[in-house]
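*Asks:* Structure in structure tokens, see below.
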Amino acid sequence: MKRYIYFAGLLGLALLLGSCWLTEPVYPRPEPWLCSINADGTGFRKIKKSPFNTTGFCDIYMTKDNRIIFYGEKLWISETDTIRPVSITDNIYTLQDNPARLSQSPDGSKLYFASRDKNIHELDLNTMLSRQLTTESVRTLRNPIVSDLGNFITYTSRGYGPPSRFTEFLYWVNLSSGDIGTIPTIDSICVNAFYSESEDFVYYEGINIKRSRLDGSELSLVSTGGSMYPYSTFGVSSDNRYIIHVWDEYPTLDLKCHDKQTGNSVRFPIKASLDHGYIAKICKDANIVYYAEPEYPDKLKAYNLDTGIDMQLLQDNIIATIYNIAPTWDGSKVYFYADIAEK
């Protein structure tokens with residue numbers, strides 16, 4: 001009996017001493033969530049944990065009426081309160097995953113995307129009817145971008161084809177007439193292009209940002225620095241004043257916001273994703289750029305082009321790694337897919 005009492009005492013002493021030892025706090029492992037937060041840093045919300053019942057998911061976009069689109073092998077759309085993605089592209093379309101560029105008309109009714117059949121397609125969100133805009137069979141067409149007034153799209157190509165060398169070409173399509181033309185350039189690599197109908201100039205990205213008429217005339221330099229990678233960071237603000245692009249100059253990688261009126265620019269470090277390019281997007285109807293700053297943990301930030309205020313969202317290190325962002329058109333909120341590690 002005394003032996004049992006003795007061992008019980010030793011066990012109790014060990015437990016007491018163990019409770020006094022200093023140990024590192026144990027935090028939950030980061031998990032992938034679709035989240036949202038307001039532009040002022042309030043209203044953080046975890047919406048749904050991955051997976052989202054999509055295949056090849058690689059980017060997200062917001063529609064004008066605040067639905068969310070998942071870009072993968074197909075396009076899926078969902079309300080944001082309850083994430084239940086529904087496929088909206090025909091079964092014949094398998095989308096390009098590099099780059100995952102989805103462009104939308106100014107009224108929000110039409111989507112433009114590139115498929116793995118090498119061509120550019122249009123989808124009407126009201127009728128869910130689609131049409132093929134190009135008939136390419138040799139070169140891979142990609143990166144459709146809608147003009148400011150919505151009557152044209154520009155896009156690029158890659159791969160071998162006439163002329164028989166590896167190079168990029170810029171094209172335009174008149175959406176009403178179906179006419180297609182090539183934009184002459186002096187660069188062998190051109191990855192993004194935006195046509196401003198209101199100015200009758202096309203802005204395009206290669207080694208630097210240049211502009212010209214659709215026929216290649218009146219060529220001029222707009223902004224130094226550029227990127228050779230055709231991802232969806234390149235954009236122009238809704239008032240046509242600011243150009244947003246990536247300055248890819250080893251060993252630095254910056255987001256550059258260039259004011260066309262004053263010629264001034266600001267640069268911020270930007271996160272690059274090996275799979276999906278650069279994590280930054282400009283709002284369609286507001287002069288706000290949301291982007292990820294590359295630290296660990298990553299920082300989600302919002303830069304107001306008009307006020308010059310650069311604001312960090314989520315100060316409490318909730319985010320571990322950011323994968324995708326999708327701001328609302330009015331800039332009031334941003335949705336993002338990230339590994340979340342709440343302490």
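*Asks:* I want to confirm something. Restricting to segment 157-183 and keeping residues that are of a type outside the set (A, V, I, L, M, F, W, C) and at pLDDT 90 or above, which single residue is nearest to Tyr242 (Cα to Cα)? Outline the logic, then answer.
*Replies:* Here is the first cut: in segment 157-183, the ones of a type outside the set (A, V, I, L, M, F, W, C) are 157-165, 167-168, 171, 174, 176-179, 181-182.
From the residues that got through so far, the ones that are at pLDDT 90 or above too are 171, 174, 176-179, 181-182.
Working: Tyr171: 22, Asn174: 24, Ser176: 27, Ser177: 30, Gly178: 29, Asp179: 29, Gly181: 26, Thr182: 25 Å.
Residue satisfying both the conditions and the ranking: Tyr171.
*Asks:* Another one. Considering every residue within segment 320-327, establish whether at least one is of a type in the set (A, V, I, L, M, F, W, C), surrounded by 15 or more Cβ atoms within 10 Å (Cβ to Cβ) and over 17 Å from the mean Cα position of the chain (by Cα).
*Replies:* Here is the first cut: in segment 320-327, the residues of a type in the set (A, V, I, L, M, F, W, C) are 320, 322, 325-326.
Those still in the list that are surrounded by 15 or more Cβ atoms within 10 Å (Cβ to Cβ) too: 320, 322, 325-326.
Right, trim to over 17 Å from the mean Cα position of the chain (by Cα) and you get 320.
So far as segment 320-327 goes, yes, one or more of its residues are of a type in the set (A, V, I, L, M, F, W, C), surrounded by 15 or more Cβ atoms within 10 Å (Cβ to Cβ) and over 17 Å from the mean Cα position of the chain (by Cα).
*Asks:* Sticking with this one: Which of the residues belonging to segment 328-339 are buried (at least 22 other Cβ atoms within 10 Å of the Cβ) and touching a Pro at 6+ places or on another chain (Cβ under 6 Å)?
*Replies:* Answer for segment 328-339, where residues must be buried (at least 22 other Cβ atoms within 10 Å of the Cβ) and touching a Pro at 6+ places or on another chain (Cβ under 6 Å): just Val334.
*Asks:* Something else about it: Please verify whether Thr262 is farther than 26 Å from Asp97 by Cβ, surrounded by fewer than 17 Cβ atoms within 10 Å (Cβ to Cβ), of a type in the set (Ser, Thr, Tyr) and at pLDDT below 90, treating the condition exactly as stated. Before you say what the answer is, go through the steps one by one.
*Replies:* Working: farther than 26 Å from Asp97 by Cβ: yes; surrounded by fewer than 17 Cβ atoms within 10 Å (Cβ to Cβ): yes; of a type in the set (Ser, Thr, Tyr): yes; at pLDDT below 90: no.
Judged against the criteria, Thr262 is not a match.
*Asks:* Follow-up question, since we're still on this one. Considering only segment 213-235, state which residues are assigned to a strand (DSSP E or B), touching a residue at least 24 places away in the same chain (Cβ under 8 Å) and surrounded by fewer than 20 Cβ atoms within 10 Å (Cβ to Cβ).
*Replies:* Looking only at segment 213-235, we keep the residues that are assigned to a strand (DSSP E or B), and these are 220-223, 235.
Still in the list and also touching a residue at least 24 places away in the same chain (Cβ under 8 Å): 222-223, 235.
Correct list: Val222 only.
*Asks:* For segment 267-278, check the following and say yes or no: at least one residue is part of a strand (DSSP E or B), more than 19 Å from Tyr335 (Cβ to Cβ) and among the charged types (D, E, K, R).
*Replies:* Let us first name the residues in segment 267-278 that are part of a strand (DSSP E or B), namely 267-269, 272-273, 277-278.
Filter again for more than 19 Å from Tyr335 (Cβ to Cβ), leaving 267-269, 272.
Checking which are among the charged types (D, E, K, R) leaves us with 267.
There is at least one residue in segment 267-278 that is part of a strand (DSSP E or B), more than 19 Å from Tyr335 (Cβ to Cβ) and among the charged types (D, E, K, R).
*Asks:* In segment 285-311, how many are within 18 Å of the chain's Cα centre (by Cα), surrounded by fewer than 20 Cβ atoms within 10 Å (Cβ to Cβ) and either at positive phi or assigned to a loop (DSSP other than H, G, I, E, B) (or both)?
*Replies:* Selection size over segment 285-311: 3.
*Asks:* All but one of (1) at pLDDT 90 or above; (2) closer than 14 Å to Val173 by Cα hold for Asp124, so report the exception by its number.
*Replies:* (2) is the only condition that Asp124 fails.
*Asks:* Something else about it: Of all residues in segment 283-322 being more than 24 Å from Asp148 (Cβ to Cβ) and polar (S, T, N, Q), which is modelled with the lowest pLDDT? First the steps, then the outcome.
*Replies:* Keep residues of segment 283-322 that are more than 24 Å from Asp148 (Cβ to Cβ), which gives 292-301, 309-322.
With polar (S, T, N, Q) added as a condition, the list becomes 312, 315, 317, 321.
On the way: Gln312: 94, Gln315: 80, Asn317: 75, Thr321: 89.
Residue satisfying both the conditions and the ranking: Asn317.
*Asks:* Which of the residues spanning segment 99-143 are surrounded by 15 or more Cβ atoms within 10 Å (Cβ to Cβ), part of a loop (DSSP other than H, G, I, E, B), within 23 Å of the chain's Cα centre (by Cα) and not hydrophobic (A, V, I, L, M, F, W, C)?
*Replies:* Pro99, Arg101, Ser105, Pro106, Gly108, Ser109, Asp117, Lys118, Asn119
*Asks:* Farther than 19 Å from Lys110 by Cβ, in a strand (DSSP E or B) and at pLDDT 95 or above: does that describe Val202?
*Replies:* Details: farther than 19 Å from Lys110 by Cβ: yes; in a strand (DSSP E or B): yes; at pLDDT 95 or above: yes.
In short, yes.
*Asks:* I would also like to ask the following. Could you list, in sequence order, the residues of segment 184-196 that are in a loop (DSSP other than H, G, I, E, B) and either closer than 16 Å to Ile243 by Cβ or among the basic types (Lys, Arg) (or both)? Lay out the reasoning, then the answer.
*Replies:* Filtering segment 184-196 down to residues in a loop (DSSP other than H, G, I, E, B) leaves 184-191.
Hits for segment 184-196 are Cys190, Val191.
The values are calculated or read from the model by the stated rules, or taken from the named source; none is laboratory data. Here the structure is a predicted model, which is why all the values come from computation and not from measurement. Here the Cβ is made from the backbone with ideal geometry for all residues, glycine too, and neighbour counts use every protein chain on show.
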